[in-house]
Amino acid sequence: MAETQGQLLPVYVLADESGSMHPYVGDLNAGLASLHRALLGEPMAAAKVRFSVIGFANSVTERLILADLRAESELPRLTASGGTSYEAAFAALLRRIPQDVDTLKSQGYRVHRPAVFFLSDGQPNYGEAWQDRHRELTDRSVTKAAPNIIACGIGQAQAETMLSVATQSEFAFISVPGAQLGESIAQFFTALTKSVVESGNAMASGNAELVVEKPEGFRLAIDEV
């Protein structure tokens with residue numbers, strides 16, 4: 001039997017790149033850069049994570065796939081244009097995640113259930129059947145590697161939509177009324193960084209646990225409904 005290389009947590013940032021995010025692209029990219037710097041300073045945690053960045057608008061752009069952040073000189077830059085296709089986003093994950101898990105297992109790793117950190121500032125394109133793709137993705141009887149999804153809504157995103165996206169109600173967050181979008185994006189990435197570092201450190205110490213930090217300036221979406 002092949003020797004196990006260790007255990008890994010695949011982490012996906014699923015970021016809204018629709019046109020309404022255009023004024024805040026700088027904040028998105030600054031958040032990614034800050035996360036990268038923080039993970040470089042936490043090599044034990046970073047070693048336990050494989051990181052992907054996927055942007056979605058009317059279609060999906062895979063910016064980074066299964067990266068060991070210790071080996072990356074910089075992270076890709078996000079852009080913004082077009083609509084907000086949740087259907088395209090979840091269809092992409094439905095294809096990507098099982099493939100990624102198989103890839104890591106073929107390399108000899110034990111793979112923990114992936115974590116998706118979803119960020120959107122608005123509602124999905126009208127008339128899309130995105131719930132069907134989401135249901136396939138998160139149903140463990142359909143997708144063995146069905147991920148945990150942490151959903152964060154800012155701007156015009158609605159609490160009930162984030163509750164529909166998140167796989168548990170305590171994983172659904174919405175920014176407080178009147179919050180500045182740029183600040184909300186910064187807080188999303190701060191919480192994401194803490195979640196990744198704490199989850200990675202827990203795995204390094206032999207305690208496989210997904211740690212989810214609530215971003216400052218956000219409320220549990222369940223509180224808003």
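Laboratory data are not the source of any read-out in this text; all were calculated from the coordinates shown. Quick caveat: nothing in here was measured; it's all calculated off a predicted structure. So basically every Cβ, Gly included, is an ideal-geometry build from the backbone, and we count neighbours across all protein chains shown.
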Problem set entry | Helix-only CD estimate at 222 nm, as mean residue ellipticity for the chain, using -39500 (n - 2.57) per DSSP H run (n ≥ 4) | -11500 deg cm²/dmol
For this session: Assuming a ≥ b ≥ c are the square roots of the Cα gyration tensor eigenvalues, decide whether the range 178-225 counts as rounded (a/c under 1.5), prolate (otherwise, with a/b larger than b/c) or oblate.
Result: oblate
For this session: Measure up 194/214; 144/194; 144/214; 105/194 against 19 Å on the Cα-Cα distance and list the ones that go over.
Result: 144/194; 144/214; 105/194
Seminar exercise, completed: Whole-Hz Karplus couplings 3J(HN,Hα) for the range 51-57, θ = phi - 60° and coefficients 6.51, -1.76, 1.60, Gly and Pro as x, run 10, 10, 10, 10, x, 9, 9
Exercise. At a Förster distance of 45 Å, what's the computed FRET efficiency of residue 208 paired with residue 74, Cβ-Cβ distance as r, to 0.05?
Worked result: 0.90
Exercise. For the range 136-196, what is the largest minus smallest coordinate of the Cα atoms on each principal axis, given in angstrom and ordered from greatest to least?
Worked result: 40, 25, 15
Problem set entry | Using θ = phi - 60° and Karplus 6.51 cos²θ - 1.76 cosθ + 1.60, couplings along the range 132-139 (whole Hz; Gly, Pro as x) | 5, 5, 4, 5, 4, 5, 9, 7
Seminar exercise, completed: So, with points 7 Å from each Cα along the Cβ direction, the residue 44-residue 81 label distance in nm works out to 4.6 nm
Seminar exercise, completed: Footprinting proxy, 101, 116, 176: sorted fewest to most Cβ within 10 Å, the residues are 176, 101, 116
Exercise. Short version: ³J(HN,Hα) in whole Hz for each residue of the range 33-42, in order, from phi by Karplus 6.51 cos²θ - 1.76 cosθ + 1.60 (θ = phi - 60°), x for Gly and Pro, what are they?
Worked result: 5, 5, 4, 4, 4, 5, 5, 4, x, 10
Exercise. Measuring from label point to label point, each 7 Å out along Cα→Cβ, what is the residue 34 to residue 105 span in nm?
Worked result: 3.7 nm
For this session: Quote the relative contact order of the chain in percent (integer), defining contacts as alpha-carbon pairs under 8 Å separated by 6+ residues.
Result: 23 percent
Exercise. Taking amide H positions as placed 1.01 Å from N in the peptide plane, with prolines and chain starts having none, which residues 5 or more places from residue 50, or on another chain, fall under 5 Å of its amide H?
Worked result: 9, 11
Exercise. Under 17 Å from a point 7 Å along the Cα-to-Cβ line of residue 219: which residues of the range 144-169 have their amide N that close?
Worked result: 152-164, 169
Problem set entry | In the range 114-223, the chymotrypsin sites (Phe, Trp or Tyr not before Pro) that fall in loop regions by DSSP, at most 10 other Cβ within 10 Å | 126
Problem set entry | Spatial extent of the chain: Rg and Dmax, with the Cα atoms as the point set, Å | 16.4, 57
